[in-house]
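Please read the structure below before turning to the comments.
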Amino acid sequence: MSTCDFIRPARKPLTENEVPVVRLVGVTKRFGKVVANNNINLDLYPGRIKALLGENGAGKSTMMSMLAGRYKPDEGHIEIDGKVMDFSSSKEAINAGIGMVYQHFMLVESMTVAQNVLLGQTGGFFINPKEMEKRVGELAGRFGLDVAPGARVCDLSMGEKQRVEILKLLYRDSRILIFDEPTAVLTPEETIRLFEALWKMAEQGKSIVFISHKLEEVLALADDIAILRRGVIEGEVDPDCVESKADLACRMVGKEVILEIDRAPMESGKPVLEVRNLSGMGLNEVDFEVRQGEIVALVGVAGNGQKPLVESICGLRKPPRDTIVIGGKPWRRFFAESTWKRSLSYIPEDRLGLATLRECDMVDNILLTTRKGFAIGPWLDKKRASTETVGLVEKFDIRPGRIQALAWQLSGGNLQKAVLARELYREPVLIVAEQPTQGLDISATEEVWKRLLEVRAMAGILLVTGDLNEALQLADRIAVIYNGRILGMLPTSDKATPDKIGPLMAGIVEEAAV
Amino acid sequence: MLELIVPLLNATVQSGTPILYATLGEMMTEKGGVLNLGVEGIMSFSALAAFVTTFTTGSATLGFLAGGCAGLFLAFIHGFVCISCLGNQVVSGLALTILGLGLTRFLGTPYIGLPCEGFEKAAFPILSSIPVMGDILFKQDALVYVSYVVPVLFWFFFKRTSLGMAMESVGEYPAAAAAAGLKPILLRYSAVLGGGFLIGLGGAYLSLAYTHLWTNGLSGGRGWIAVALVIFAFWRPGRAVVGAYLFGGVMAFQLRLQASGTNIPSSILLALPYALTIIALVFSACRRKHSDMPAALGTNIEPEG
């Protein structure tokens, strides 16, 4: 997706006398203590494509879910055509002309395209498949959404299924169409066709919201760009006035320091992870090493190859031969001889799923990866596991302090501490920590950071993060990944590093090389 | 040879008819996404309801409808447990079978051995004079003639009406139906109730046209065969007709064979339809790719949030 080789229609300048069709006025939404959206003001105009740019967890989806009637704002209101709306269900939003294309399609696989589009919209009691297909075909033609109306949905590609979803909205005369990361499931060609259809819809007066974190797509497509960060509209920019992608990337990710921590220097020892020339799975000649005693941060906009890299290091995917060496052993031998102690610890992003079992208590969750340490033949020494867990709960200050607490009952911060406690109990030589502080409050973040810095004494750490501040605070070196390729390995001791990261994250190598 | 085969095929249609009603009923229920394993109990109970109604009122038509309504009633219990209370569909269905069979035995005891009028065979005008085919298909009772129309209506309902399409969508992906502004709960209820009515008609056929007499164990495993036949039929009414008559044929054949006094043990002959059930299921499992199994079959609609 690095190139967008198609011609976009000329951007229309926004004239003074245009009236917004939708206005979000001072909208705030809280989930418990977390403020997902804070005092959002946003105008949507007919015939224009508004891109909503932001990192994962920036609050894009929350904002659009309020517009689509799934959540109610805690403060502020939504206006449509100047009238204040108070949606209590998504149905009301649909009736008001707001339609949303979700990442997960809401389609009946066994039915035809026409049946899906007309489901619940047929009017009369009897239906005529021929007539339905004709109507849907006409609609598809009008907006350049090429899909056979008589085909069964299960036989369609992802791009075609998406077109069916769009047709459903168009058939219901939606005037405001919201697309939540629509290109995530598409091939490059399909993306281009989607864009062409979006322009066609805008031409016919539809107001379009395009949610994404892909810079070049947003720049290529949108008429206006709103940047959302940490639940706040960071700024609205005109794509023609954007100086560089790097600038946009910096504004999206943010640079200001929210939390600082003292990082004592540490001698680095033997390499514990070597990645040599790893290609495939969306990666391109990835080459780096992590030594004992250092933290290497892997930063980049989400979806640029972090996931396949982490999964192949952690044994969830099989990398090609001789590309990954862990603790001096080739990948295959390492996982064949894997021990529970002095090994690899993975702290996944998905805390309540990959890292823990939601319905199990602390002891069982601690046992998940340390089981071999408590085994007596085929039996488990649960008594000792319980006492050890009590010790860990105390040491890491995991609340509530009961070892009977189930994983889902713990708050995000405490759950992360529990995962950390478990993984550090294994005294690993290599730690792969994926977004370890995402969604945590400041004190929990600080706690996690402290632990990671401490553990350098025995291990090397690969820190995968979307938070630049975290990378700058913790890491010795920062690897910037873009489009499956590591574009730069920057030492944090260099004063110029923070300014170099932005351009690299946007895939601009030349500027950084100067 | 012909004079041997024609009566056999005539009997085939007759014994296939209750299975056909029940299979279509179960198919409708499952197309709405609900698995009803209570078919055996519903058939048995509605056979009794139909018999008692006809016995007391003297009207066979009224009895037939009473059978359907009895099926509707039991299906409603299943629907309430599964759709409204989110109970396990398998457990509820099995409990329904036990309930239906138990109720039938308990309430039916006073009627054992009593005859009732029911439906007699009556040649269909004109069509019955077609050689061979007329003898097989059109020298039957009125309920058989009705059963010829039901699969066509069934097909038409699901393919050509918006209600049928909506019902199918809640069996496939209730969330999509809800997103389209339909009412999944109501639609599932209508599938369960409609299906229960059809299963009840199948039960009514047993006591009103098949035997004309009340005995215990009238349903005799036909409900289970219907459940299996839905899978065999790939959830398509056309194949249900083929399947129902196939089983009807085996049942009729083994009765004839017993009557002719062969030395094959009767217990083996009685097991024939069930052996065929297993073969049919293996066959359809091998060709599962072609089946129209509802994607959300057996899963309840969890309320949001």
Pairs, first at positive phi in the range A:32-43, second among the β-branched types (Val, Ile, Thr), C-beta under 6 Å, six or more apart: A:Asn39/A:Thr28
The range A:91-119 - residue that is in contact with a Gly (Cβ under 8 Å, 6 or more places away or on another chain) and either of a type in the set (Lys, Arg) or surrounded by fewer than 19 Cβ atoms within 10 Å (Cβ to Cβ) (or both) and, of those, farthest from the other protein chains (Cβ to nearest Cβ): A:Glu92
Hey, A:Thr339 polar (S, T, N, Q), more than 17 Å from A:Asn414 (Cα to Cα) and outside the structural domain of A:Ala418 (by TED's automatic domain parsing) or not: yes
Residue within the range A:211-218 that is within 30 Å of A:Leu452 (Cα to Cα), touching a strand residue (DSSP E or B) at 6+ places or on another chain (Cβ under 7 Å) and away from every other protein chain (no Cβ under 14 Å) present: yes
Residue tally, condition touching a helix residue (DSSP H, G or I) at 6+ places or on another chain (Cβ under 9 Å), within 14 Å of chain B (Cβ to nearest Cβ) and not basic (Lys, Arg), over the range A:142-165: 4
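How about the range A:269-358: which strands (runs of 3 or more DSSP E) wholly inside it have at least 1 residues that are within 23 Å of the chain's Cα centre (by Cα)? Before you say what the answer is, go through the steps one by one.
Details: elements: A:271-280, A:283-291, A:295-299, A:324-326, A:344-347.
Of the strands (runs of 3 or more DSSP E) lying wholly inside the range A:269-358, those with at least 1 residues that are within 23 Å of the chain's Cα centre (by Cα) span A:271-280, A:283-291, A:295-299, A:344-347.
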Search result, residues across the range A:40-53 that are surrounded by fewer than 24 Cβ atoms within 10 Å (Cβ to Cβ) and either under 16 Å from the mean Cα position of the chain (by Cα) or among the hydroxyl-bearing types (Ser, Thr, Tyr) (or both): A:Tyr45
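Taking B:Arg256, is it touching a Pro at 6+ places or on another chain (Cβ under 9 Å), farther than 26 Å from B:Arg287 by Cβ, buried (at least 21 other Cβ atoms within 10 Å of the Cβ) and among the charged types (D, E, K, R)? Spell out the reasoning first.
Working: touching a Pro at 6+ places or on another chain (Cβ under 9 Å): yes; farther than 26 Å from B:Arg287 by Cβ: yes; buried (at least 21 other Cβ atoms within 10 Å of the Cβ): no; among the charged types (D, E, K, R): yes.
No: the conditions fail for B:Arg256.
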Conditions (1) surrounded by 22 or more Cβ atoms within 10 Å (Cβ to Cβ); (2) within 21 Å of A:Lys60 (Cβ to Cβ); (3) not acidic (Asp, Glu): number failed by A:Arg163: (2)
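Taking the range A:121-136, which residues are surrounded by fewer than 19 Cβ atoms within 10 Å (Cβ to Cβ), at the interface with another protein chain (Cβ under 10 Å from one of its Cβ atoms) and without any contact (Cβ under 8 Å) to a residue 40 or more places away in the chain? Don't jump to the end; show me each part of the working.
Filtering the range A:121-136 for residues surrounded by fewer than 19 Cβ atoms within 10 Å (Cβ to Cβ) gives A:121-126, A:128-131, A:134-135.
From the residues that got through so far, the ones that are at the interface with another protein chain (Cβ under 10 Å from one of its Cβ atoms) too are A:121-126, A:128-129.
Within the range A:121-136, A:Thr122, A:Gly123, A:Gly124, A:Phe125, A:Phe126, A:Asn128, A:Pro129 qualify.
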Contacts under 9 angstrom Cβ, first residue in the range B:187-204 being closer than 18 Å to B:Trp224 by Cβ, partner of a type in the set (Lys, Arg), 6 or more apart: B:Gly195/B:Lys31; B:Gly202/B:Arg222; B:Gly203/B:Arg222
A:Leu139, sole failed condition from (1) closer than 22 Å to B:Leu182 by Cβ; (2) within 14 Å of chain B (Cβ to nearest Cβ): (2)
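Conditions tested, residue by residue: (1) of a type in the set (A, V, I, L, M); (2) closer than 23 Å to B:Thr29 by Cβ; (3) surrounded by 14 or more Cβ atoms within 10 Å (Cβ to Cβ); (4) away from chain A (no Cβ under 14 Å).
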| site | (1), (2), (3), (4) |
| --- | --- |
| B:Ile112 | yes, no, no, yes |
| B:Phe124 | no, no, yes, yes |
| B:Ser128 | no, no, yes, yes |
| B:Lys139 | no, no, yes, yes |
| B:Val149 | yes, yes, no, yes |
| B:Val170 | yes, yes, yes, no |
Hits in the range B:180-222 (condition: hydroxyl-bearing (Ser, Thr, Tyr), surrounded by fewer than 21 Cβ atoms within 10 Å (Cβ to Cβ) and not in a helix (DSSP H, G or I)): B:Thr215
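From the list B:Leu182, B:Leu187, B:Leu201, B:Leu229, pick out the single residue that is touching a Gly at 6+ places or on another chain (Cβ under 6 Å) and within 14 Å of chain A (Cβ to nearest Cβ).
Values: B:Leu187 fails: touching a Gly at 6+ places or on another chain (Cβ under 6 Å); B:Leu201 fails: within 14 Å of chain A (Cβ to nearest Cβ); B:Leu229 fails: within 14 Å of chain A (Cβ to nearest Cβ).
Sole residue among the options that is touching a Gly at 6+ places or on another chain (Cβ under 6 Å) and within 14 Å of chain A (Cβ to nearest Cβ): B:Leu182.
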Among residues of the range A:436-465, those that are under 21 Å from A:Gly305 (Cβ atoms) and buried (at least 23 other Cβ atoms within 10 Å of the Cβ), counted: 7
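Tell me, which helices (runs of 4 or more DSSP H) wholly within the range B:1-81 include 2 or more residues that are among the hydroxyl-bearing types (Ser, Thr, Tyr) and buried (at least 24 other Cβ atoms within 10 Å of the Cβ)?
Numbers: elements: B:2-31, B:39-57, B:60-79.
The helices (runs of 4 or more DSSP H) meeting that bar are B:2-31, B:39-57.
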Matching residues, the range B:151-162, being more than 7 Å from chain A (Cβ to nearest Cβ) and not β-branched (Val, Ile, Thr): B:Pro151, B:Leu153, B:Phe154, B:Trp155, B:Phe156, B:Phe157, B:Phe158, B:Lys159
Residue identified as assigned by TED's automatic domain parsing to the domain that holds A:Ala297, out of contact with any Gly (no Cβ under 9 Å at 6 or more places or on another chain) and at pLDDT below 90 among A:Lys495, A:Lys500: A:Lys495
Failed item, numbered, when A:Gly82 is tested on (1) at positive phi; (2) at pLDDT 90 or above: (2)
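The values are calculated or read from the model by the stated rules, or taken from the named source; none is laboratory data. In this text the structure is predicted, and so the values were computed from the model without any measurement. Note that we place each Cβ from the backbone using ideal geometry, even for glycine, and neighbour counts take in every protein chain shown.
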